[in-house]
Amino acid sequence: MTLENLDYDKLWEKCAEFHGHVCGGLTIGYKAALYAIELLDLSFSEDEEVVTITENDACGVDAIQVILGTSVGKGNLLFHMTGKQAFSFYNRKTNKSIRLVLKPRDKNMTREESLKYFQEKDYKDLFDVKETTIEIPEQARIFESYICEDCGESTASTFIRIENGKKVCIDCFDHYSRFNV
């Protein structure tokens, strides 16, 4: 996918339809995805060719999913919750990556002013381009499942705990700690 071949109006409409409304946050993700396409020569990820690590769970993540095809279900959309408007993009084919961090703006803008600001700004003016701080994660694995011996629900092996000699899921596990952490 190249930026010249994109129908921006149609792509924006798909993002807004998926998200449910138009807002400044959606625009942030839309612009981040377009910038990542330019910087990393990305195309829509059919499987795990593209990986996104988002540092927030805000509106922009929906646009990134629509444009780049990264999703939680495919294992190529991961959350590293820092509360920052920052997104790391990885191209598995080229082993190149970038981290886009939203530049500060006037915090006194109304929602309407913010939307206008984000939509009018070129993506190059919205983000600082940085090196990624997290290595590209391995591709998603499929794990064996076990039946929780308390609730009877099937649980991936990585989420099973042993308690009093029984395999139990995290929900049934009686977490023990002598510290409040």
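The values are calculated or read from the model by the stated rules, or taken from the named source; none is laboratory data. What you see is a predicted model; the values in this text were computed from it and never measured. Because the Cβ atoms are built from the backbone with ideal geometry, glycine has one as well, and the counts that use them run over all protein chains shown.
Please find, within segment 18-63, the residue that is surrounded by the fewest Cβ atoms within 10 Å (Cβ to Cβ) out of those that are more than 14 Å from the chain's Cα centre (by Cα) and of a type in the set (S, T, N, Q). Within segment 18-63, the match that is surrounded by the fewest Cβ atoms within 10 Å (Cβ to Cβ) is Ser43. For segment 2-14, the criterion of being buried (at least 21 other Cβ atoms within 10 Å of the Cβ), under 18 Å from the mean Cα position of the chain (by Cα) and not in a strand (DSSP E or B) is met by no residue.
Within segment 30-61, being of a type in the set (A, V, I, L, M) and either part of a loop (DSSP other than H, G, I, E, B) or within 10 Å of Phe89 (Cβ to Cβ) (or both) holds for Ala32, Ala33, Ala36, Ile37, Leu39, Leu40, Leu42, Val50, Val51, Ile53, Ala58.
Applying the set (1) surrounded by 16 or more Cβ atoms within 10 Å (Cβ to Cβ); (2) of a type in the set (S, T, N, Q); (3) touching a residue at least 24 places away in the same chain (Cβ under 8 Å) to Thr94 leaves exactly one unmet item: (1). Among the residues here, Asp9 qualifies as without any contact (Cβ under 8 Å) to a residue 40 or more places away in the chain and either farther than 20 Å from Thr132 by Cβ or out of contact with any Phe, Trp or Tyr (no Cβ under 8 Å at 6 or more places or on another chain) (or both). Could you list, in sequence order, the residues of segment 62-79 that are in contact (Cβ under 8 Å) with a residue 40 or more places away in the chain and either in a loop (DSSP other than H, G, I, E, B) or hydrophobic (A, V, I, L, M, F, W, C) (or both)? Ala63, Val66, Ile67, Lys74, Gly75, Asn76, Leu78 - these are the residues of segment 62-79 that are in contact (Cβ under 8 Å) with a residue 40 or more places away in the chain and either in a loop (DSSP other than H, G, I, E, B) or hydrophobic (A, V, I, L, M, F, W, C) (or both).
Hey, any hits in segment 129-139 for a residue that's modelled with pLDDT under 95, of a type outside the set (Val, Ile, Thr), surrounded by 12 or more Cβ atoms within 10 Å (Cβ to Cβ) and within 26 Å of Ser88 (Cβ to Cβ)? Scanning segment 129-139, I find at least one residue that is modelled with pLDDT under 95, of a type outside the set (Val, Ile, Thr), surrounded by 12 or more Cβ atoms within 10 Å (Cβ to Cβ) and within 26 Å of Ser88 (Cβ to Cβ), so the answer is yes.
Out of Ser154, Ser88, one residue alone is on the phi < 0 side of the Ramachandran plot, among the polar types (S, T, N, Q) and under 26 Å from the mean Cα position of the chain (by Cα). It is Ser88.
One line per residue, one yes/no per condition, for (1) among the charged types (D, E, K, R); (2) closer than 30 Å to Ile170 by Cα:
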{"position": "Thr94", "(1), (2)": "no, no"}
{"position": "Arg99", "(1), (2)": "yes, no"}
{"position": "Asp106", "(1), (2)": "yes, no"}
{"position": "Thr110", "(1), (2)": "no, no"}
{"position": "Tyr117", "(1), (2)": "no, no"}
{"position": "Asp125", "(1), (2)": "yes, no"}
{"position": "Thr132", "(1), (2)": "no, no"}
{"position": "Glu144", "(1), (2)": "yes, yes"}
{"position": "Phe159", "(1), (2)": "no, yes"}
